[in-house]
Each structure stands twice: as C-alpha cells, then as structure tokens.
Amino acid sequence: DWALPLVNDLKNQWYVQFFRCETKKLFKITFMKGVLINTLLYSLIIMSLANGISADKQALSEYNSAQWQALDEQDIKKVVESKNHRNSSEEIWNNANTNVLQTSSQISRFDKALPLISDSVWGKTKKTEAFFSRQDSLFIIASSGEPRFEEQRISCEKILLQEGKATLDYLVEHRLKDQTPRRRHYVEGLFSKMSDSGKVSAPREVLIAALPKVADSTLTFLLYIASKMGDTSLQAQAPAYLYHDSLAVRLMAIRILGSYPNRQNEALLIKNLASKKGLELFQYLWALEQMTPIQNWKSVIFAMGDKRIINRNAARSIIGKQSLSWKTLEASIPKRPTQDELREWILLALDIKGPGSMEFISASRKKFNEEELGFLSSRIRGDASFAKRATKLLEK
C-alpha cells in the first residue's frame, strides 16, 4: 500500500518526460521538413526566373543583332543625328563599329552614313555641312598610330597610296595647316613614299603647283616637305624663296639647297653669306658644310668670330674639312683676333695636328685663364702621343 502512491508518481513523471521528448522530436522533424520544402520551392522559382531571364536576354540580343544588321543608311543617319554637340572625327570613329572600316567598300558605306551635324556650340539650330568625308576617314585612321587599329591603318594607307594624285590634292587642300605634329609628320611621309626619291613625278608637280598659292605658314611646311622628299629636282624651286620676307620661308629654302648638295649652288650661298646673321647664318653654313670641300672656303672665316657658338662651330667644321695644311690655314688667321676667334683657331689647330700647330697653341695659351685652358684640354682628340703633348702644353 505504501508503495502504490510512489509508483503512480513515478509513472506520471515518466509520462511527462516522454511527452516532452516526443514533442521536441516532432517539432524538429516538422521544422526540418518545412525548411527543405521551402528551399526546394525557392530553388525551383529562382531556376525558372533565371531561365526566363536568360531566354529574354538571348531573344533581346538576337533582336538587337538583327536590328543592327537591318539598319540602312537612313537609320544610321538618324542615330548620329541624335547627338546634340559636334564631336571630333576621332570620337565618331571610336564610337563607330570598327568592322565597318576594314575594307574600302565598308568605309564608303560608313562615310555615306555621316549626317549633317547640328552646330550647338553657339546655340544655333541650323544644319552645317558634314566635315568628315571619305578621304578624311582614310587619313584619320591611317595617321592615328593606334596599335589596336593596325590592320585598318595599313589598309587605309594602301588606299591613299593607290589613289595617287587625288590623295595629294586632298593633302594640299586640307592637311597642310592646323594639324597635330603626328599628322604633319604623316603628310610628309606620304609625299616621300609617293615620290619614291623622285621616280614618281606627281608629288613634285602637285607641290610645285601649290607653292605660289599658299600662305607663308603653309609655304614653310611645303618647303620642308620638299627638303625631305629626296627629289633632287626640287632644288630648282629654292632660289626664288631665298629673298622672301618671312625668315621661316628663307630658312626652309636654304634647307632644300643643303639637302640636295650641288656645286652650282655654292656660289649663290657664298654670295649671300656675309650679310646674314643669327640662325639664318647658321643655316647657310650648314648648307655649305653639306658641299665640303668648297672652293671659296676663306669666305666663311669671318663666322669664326661670330657671337653665337653654333655659327663658330659650323665655320670651323667647314674649314677643318678642307684637307688643308696648318701652314696654309695659319696665313688666314686675323692679325688681331678676338678671344672667341682665337679659341676657335686653337680648336682648329688641335683638330688638324699639322706642323706648326703646336707652336701656335703655345704662343696663344697665355691669353687664356686656367678655366678656358681646361676647356681646350677637354677638346683634345687624336692619337695618344699628340694628345699627351697637347695636354702638357695647355697645362703648363
């Protein structure tokens, strides 16, 4: 009897614990089932959405591709007309489909699609003439220098070279002024390639015809191109511009005479030499140096005392290339040379190394201070024995 209440109490406690455990297990099982079911449902929904989006993207891509392929010239014109400002030709090229520019026929199609562009810089609404022609396209691409457009550049340059005189006329009319240094260099290169060292007459004829028609700034560039083309017949055009009002034009005319050395031009250069100074004198001396040895070398001696070192050096170089003995040269030294003249004659004596040059150096060294003697010593050239003697002489 006394144990029955205890047994009942134990049974009740066991039932309570069992119920709690079973409830927890049931809850866990139900929760896990719910999570799995929800995960599966969400996965199915996401997969269906992804498939739908992918299908939509593919359909949209196919539609856009088909639409782009179906664009005609009028559609392209409308697309470019939507721009509200004037783009540079480079921007239009970069924004265009590069595949359009691979062949000449595609380039022509692209150029025909260029619209009349609105000028909104000053708030104008009227249409202005398109500034990007077919030849503009070819030139801009060929002269761009962009590595990623190498194939297009080569293709466009071939077309420009094949078109010959039409390209030359285009260059003279549109590409001689207001150009970047890269494009100016490219224009010069096209003239040189087409000329082929004078074998082709078209570049020479176009350039000569343009000379009397252009402004001075453009004339300078044309004369420079003439000096780089390698066509010796162009030297006949230079004398007419030796007396031009513009210094830049005169310098380029002298450059042509120096680029194509000819003994017949020596007398013309010598005739004008004494009246020149500064950079123009240097250009004359440079042109004469290309013709050395010259007959009337004594006419350049006066430049040995010029205040500009480039002119003194040029005159000394001309005299040094005459292959004359020091005794012959010594007779032409002024009786009272200036300090600059005397320095140049000492340098000339160091270059020639003839009999009597050491005596001249020894007699003249007293007029120079230690710093100037150090400069002269640094300019000693030649064999070791001569250099050793000259160095000792100047260091005494």
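The values are calculated or read from the model by the stated rules, or taken from the named source; none is laboratory data. Note that the structure is a prediction, hence the values are computed from the model and not measured. For neighbour counting, all protein chains shown are included, and Cβ atoms are generated from backbone atoms with ideal geometry for every residue, glycine included.
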List every residue pair whose Cβ atoms lie under 7 Å apart, where the two residues are 6 or more positions apart in sequence or sit on different chains, the first residue falls within region 365-376 and is surrounded by 15 or more Cβ atoms within 10 Å (Cβ to Cβ), and the second residue, located anywhere, is of a type in the set (D, E, K, R). Leu373/Arg365
Of the conditions (1) of a type outside the set (D, E, K, R); (2) more than 23 Å from Thr218 (Cβ to Cβ); (3) buried (at least 16 other Cβ atoms within 10 Å of the Cβ); (4) at pLDDT below 80, Phe132 fails just one. Which one is it? (2)
Is it the case that some residue within region 318-333 is out of contact with any Gly (no Cβ under 9 Å at 6 or more places or on another chain) and under 30 Å from Asp245 (Cα atoms)? yes
Output the residue which, of all residues in region 152-180 that are in contact with a helix residue (DSSP H, G or I) (Cβ under 6 Å, 6 or more places away or on another chain) and of a type in the set (Lys, Arg), is farthest from Leu223 (Cα to Cα). Arg153
Residues located in region 253-267, provided they are surrounded by fewer than 17 Cβ atoms within 10 Å (Cβ to Cβ) and in a helix (DSSP H, G or I): Arg263, Gln264, Ala267
Residues in region 205-218 that are closer than 22 Å to Ser143 by Cβ and surrounded by 15 or more Cβ atoms within 10 Å (Cβ to Cβ): how many? 5
Could you list, in sequence order, the residues of region 268-305 that are crowded, with 22+ Cβ neighbours inside 10 Å and farther than 16 Å from Leu242 by Cα? Val300, Ala303, Met304
Of all residues in region 268-285, count the ones that are assigned to a loop (DSSP other than H, G, I, E, B) and touching a residue at least 24 places away in the same chain (Cβ under 8 Å). 2
Residues of region 145-186 satisfying the condition of being touching a residue at least 40 places away in the same chain (Cβ under 8 Å) and touching a Phe, Trp or Tyr at 6+ places or on another chain (Cβ under 9 Å): Phe149, Cys156, Leu176, Lys177, Arg183, Tyr186
Can you find a residue in region 224-239 that is touching a Leu at 6+ places or on another chain (Cβ under 7 Å), at pLDDT 90 or above, among the hydroxyl-bearing types (Ser, Thr, Tyr) and surrounded by 19 or more Cβ atoms within 10 Å (Cβ to Cβ)? no
Count of region 128-171 residues which are in a helix (DSSP H, G or I), over 28 Å from Ala209 (Cβ atoms) and of a type outside the set (Gly, Ala, Ser): 8
